[in-house]
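Contents: one structure, followed by commentary.
The values are calculated or read from the model by the stated rules, or taken from the named source; none is laboratory data. Keep in mind that this is a model prediction, so the values were computed, not measured. We place every Cβ from the backbone using ideal geometry, glycine too, and count neighbours over all the protein chains shown. When the accessible area is computed, the model is the full protein with side chains, heavy atoms only, and any ligands, DNA or RNA have been set aside. Shrake-Rupley method; radii C 1.70, N 1.55, O 1.52, S 1.80 Å.
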Amino acid sequence: MPLYELSMIVRSMPKAGLIKTVQRISENILDQGGYLRKIENLGNRELPYRMSAHGRMHTKGSYFLIHFDAPPATIDPICDNCNRDIDLVRRFLQKVEEPPTFQCTRHEEIKPPAYRAEVQKMIAEASSRVPIHQRKKFKFNTGLDYYPFGH
């Protein structure tokens, strides 16, 4: 079952009412065959703007996050029940993708560039692309522009 995150704003109410609301939403998820992983209370805050929900205007709310696993077929009924709940001002449900795994290459990145495998590979490729007439091992021109025999 995939992991989902339900972020919701509950209208401003006493602590007992908040507990009942979060418990009601959690039981809804459990009734649909989901498994709760974590419930986070992010606190009471002023809303960023006045929000209308179920015929009322709201300026304050309590923010909650619920992490849960559920079958994909049960997401629509969960959202439908959240939409009907009169204590919720806003809700947002999203699927949480697992972060991609990667291999740490810090030990390679610490090395000086000349010793890195990828840099050595680039140097070898560049030297193989040099034309044959420029691949001479010895260059006799010293670049001093000195000609001892005249001129």
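Quick test for you: out of Val130, Val119, pick the one residue that is open to solvent by less than 70 Å² (accessible area, probe 1.4 Å), over 30 Å from the mean Cα position of the chain (by Cα), modelled with pLDDT of 80 or more and over 30 Å from Lys20 (Cβ atoms).
When all the criteria are applied, what remains is Val119.
Please count how many residues of the stretch 55-77 are among the small types (Gly, Ala, Ser) and free of Cβ contacts under 8 Å to residues at least 12 places away in the same chain.
Going through the stretch 55-77 one residue at a time, the tally reaches 2.
Would you please list the contacts, defined by Cβ atoms under 9 Å and residues six or more apart or on different chains, that run from a residue in the stretch 118-131 that is among the charged types (D, E, K, R) to a residue that is open to solvent by less than 60 Å² (accessible area, probe 1.4 Å) and assigned to a helix (DSSP H, G or I)?
Glu118/Glu108
In the stretch 47-59, how many are open to solvent by 40 Å² or more (accessible area, probe 1.4 Å) and either of a type outside the set (D, E, K, R) or modelled with pLDDT of 95 or more (or both)?
Adding up the residues that qualify gives 7.
So Leu6 fits all but one of (1) in contact (Cβ under 8 Å) with a residue 40 or more places away in the chain; (2) open to solvent by 20 Å² or more (accessible area, probe 1.4 Å); (3) touching a Lys or Arg at 6+ places or on another chain (Cβ under 7 Å); what number is the exception?
Only one criterion in (1) in contact (Cβ under 8 Å) with a residue 40 or more places away in the chain; (2) open to solvent by 20 Å² or more (accessible area, probe 1.4 Å); (3) touching a Lys or Arg at 6+ places or on another chain (Cβ under 7 Å) is unmet by Leu6, namely (2).
Open to solvent by less than 100 Å² (accessible area, probe 1.4 Å) and either over 30 Å from Ser7 (Cβ atoms) or modelled with pLDDT of 90 or more (or both): does that describe Ile75?
Criteria met by Ile75.
Identify, by number, the condition in (1) open to solvent by 100 Å² or more (accessible area, probe 1.4 Å); (2) closer than 30 Å to Pro99 by Cβ; (3) in contact (Cβ under 8 Å) with a residue 24 or more places away in the chain; (4) not aliphatic (A, V, I, L, M) that Asn44 doesn't meet.
(2)
Which condition number in (1) assigned to a helix (DSSP H, G or I); (2) touching a helix residue (DSSP H, G or I) at 6+ places or on another chain (Cβ under 9 Å); (3) surrounded by 10 or more Cβ atoms within 10 Å (Cβ to Cβ) is the one that Ala114 fails?
(3)
For the subset of the stretch 78-111 comprising residues that are assigned to a helix (DSSP H, G or I), open to solvent by less than 70 Å² (accessible area, probe 1.4 Å) and without any contact (Cβ under 8 Å) to a residue 24 or more places away in the chain, which member is farthest from Leu3 (Cα to Cα)?
Looking at residues that are assigned to a helix (DSSP H, G or I), open to solvent by less than 70 Å² (accessible area, probe 1.4 Å) and without any contact (Cβ under 8 Å) to a residue 24 or more places away in the chain, I get Glu108.
Residues in the stretch 9-41 that are open to solvent by 70 Å² or more (accessible area, probe 1.4 Å) and of a type in the set (Asp, Glu): how many?
Result for the stretch 9-41: 2.
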